[in-house]
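Below is one structure; the comments refer to it alone.
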Amino acid sequence: MSGTPYEFLTGLRYIRGRQAFVSVFSALSMAGIALGVAALIVVLSVMNGFQKELRTRILSVVSHIEVRAYPELKDWATVEKTTEQNPHVLASAPYVMGQAMLSFGGASRGSMLRGVDPAREDSVADIGNHMRAGNFAALKPESYGIVLGLDQARMLGVGMGDDVVVIIPQGLATPAGTMPRLRSFKVVGVFNIGMYEFDSGLAFINIEDAQRLYRMGGVSGVRLKVDDLLQVAKIRKELAQQLPFSMDVSDWTRSHANFFRAVQIEKRMMFLLLVLIMIVAAFNIISSQVMVVTEKQSDIAILRTLGASPASILGIFIFQGMLVGTVGTVIGVLGGVALALNIDVVVPAIERLFNVQFLDKSVYYISELPSDLQWGDVVVVALTALFFALAATIYPAWKAARVNPAAALRYE
């Protein structure tokens, strides 16, 4: 008898009990699982999107690997030749980095000033594709041009062609005392990475102009681009062994580790919090199953007297609970995947409808809500939901299998 499909047919029939609240509890359990699965898929997709978008935008400005020496790197040409011998290194470019104060009219802003060779910078970064105005190639030697971030330009109130005074902290000895060095630079471009940290606090000038401004005979370091971002730590260690110990070799995962660690921790915590929704739904399955068992005790007793084994009774109620969990999981997966794939349309529509902004650019690194649906996460979420649904059916099914036919039919 246990090989016949009557267990499944009986379990399907028991989904809707004679008491209305039994079916209501089953529906609530199904809805709870669907909501938990959908929310978990969407949240994990958004966190993946944040991580991917953050990495893409950071690497538009930050190089994969940097080789630095303090206070400056004089023999940088030799360093380039040494690093380019590594088969994983695709390109290199020297740079000068220093602090500066930018002033225009009555406004002033602190900034990191990076001197670059525009032709070579494009080989290690992607800043040229983020220009809102002007051209990155306009940073020519002795032209004293400057490229500002969009937020920085707005805060200073400057536009294309305006002259910005650059003041650096290195002092200049004069009969009147120590005076800061300053130079006027013309705005030849404005970039917009989409991250407030860079758009408000980074400016570019030509590397030769930077060397004259900071009175450097060499450069601050060499920026490298590699062929595999996932192996960047291994490549960094190889380069560190090939270069003198006095040089500092750093990669993007170390310089911005806090960003990605924070996203990863938030992703884990959101997973745990949203799993609680599925656990609550699983408790609803237990409650509804217990009520079904109580309601169907006489039916269980009749099946037992007709020859049904305790294993068959166990199978009926496990199938019933798993059906609720499976349907809820399927609905949640379909809804979660649909929302995750269209979140770039749904979120702006909600913001326009309620006149709100979820991510303020001045507070968050990314002002848009990205989404990166990974099917591995969908599978993990679905299996987790099915596991809780199965676990929730064990106790009610075990209780049903232990029903004593004689005691259940005594008052019938």
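Quick check: is even one residue across the stretch 200-211 open to solvent by 10 Å² or more (accessible area, probe 1.4 Å) and more than 17 Å from Arg114 (Cβ to Cβ)? Scanning the stretch 200-211 turns up no residue that is open to solvent by 10 Å² or more (accessible area, probe 1.4 Å) and more than 17 Å from Arg114 (Cβ to Cβ). Taking the stated definitions as given, is Leu9 surrounded by fewer than 22 Cβ atoms within 10 Å (Cβ to Cβ), modelled with pLDDT under 85 and under 30 Å from Asn342 (Cα atoms)? In short, no.
Matching residues to (1) in a helix (DSSP H, G or I); (2) surrounded by 17 or more Cβ atoms within 10 Å (Cβ to Cβ):
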| site | (1), (2) |
| --- | --- |
| Gly217 | no, no |
| Leu239 | yes, yes |
| Phe245 | no, no |
| Arg268 | yes, no |
| Ile277 | yes, yes |
| Val292 | yes, yes |
| Ile302 | yes, no |
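Looking at the stretch 116-141, which of its residues are crowded, with 20+ Cβ neighbours inside 10 Å, over 25 Å from the mean Cα position of the chain (by Cα) and of a type outside the set (D, E, K, R)? So that I can check it myself, show each step before the final result.
We begin by selecting, within the stretch 116-141, every residue crowded, with 20+ Cβ neighbours inside 10 Å; these are 116, 118, 121, 124-125, 127, 130, 136, 139.
Narrowing the set further to residues that are over 25 Å from the mean Cα position of the chain (by Cα) leaves 116, 118, 121, 136, 139.
Matches in the stretch 116-141: Val116, Pro118, Phe136, Leu139.
Yes/no matrix, rows are residues, columns are (1) in contact with a helix residue (DSSP H, G or I) (Cβ under 7 Å, 6 or more places away or on another chain); (2) farther than 30 Å from Leu182 by Cβ; (3) surrounded by fewer than 18 Cβ atoms within 10 Å (Cβ to Cβ); (4) among the hydrophobic types (A, V, I, L, M, F, W, C):
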{"residue": "Lys52", "(1), (2), (3), (4)": "no, yes, yes, no"}
{"residue": "Ile58", "(1), (2), (3), (4)": "yes, yes, no, yes"}
{"residue": "Ile65", "(1), (2), (3), (4)": "yes, yes, no, yes"}
{"residue": "Tyr70", "(1), (2), (3), (4)": "no, no, yes, no"}
{"residue": "Leu73", "(1), (2), (3), (4)": "yes, no, no, yes"}
{"residue": "Ala77", "(1), (2), (3), (4)": "no, yes, yes, yes"}
{"residue": "Thr83", "(1), (2), (3), (4)": "yes, yes, no, no"}
{"residue": "Ala93", "(1), (2), (3), (4)": "yes, no, no, yes"}
{"residue": "Ala107", "(1), (2), (3), (4)": "yes, no, yes, yes"}
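The values are calculated or read from the model by the stated rules, or taken from the named source; none is laboratory data. These numbers come from a predicted model, not from an experiment. Cβ sites come from the backbone with ideal geometry, for glycine too, and all protein chains shown count toward neighbours. Heads up: the accessible areas ignore ligands, DNA and RNA and are worked out on the full protein's heavy atoms, side chains in. Shrake-Rupley method; radii C 1.70, N 1.55, O 1.52, S 1.80 Å.
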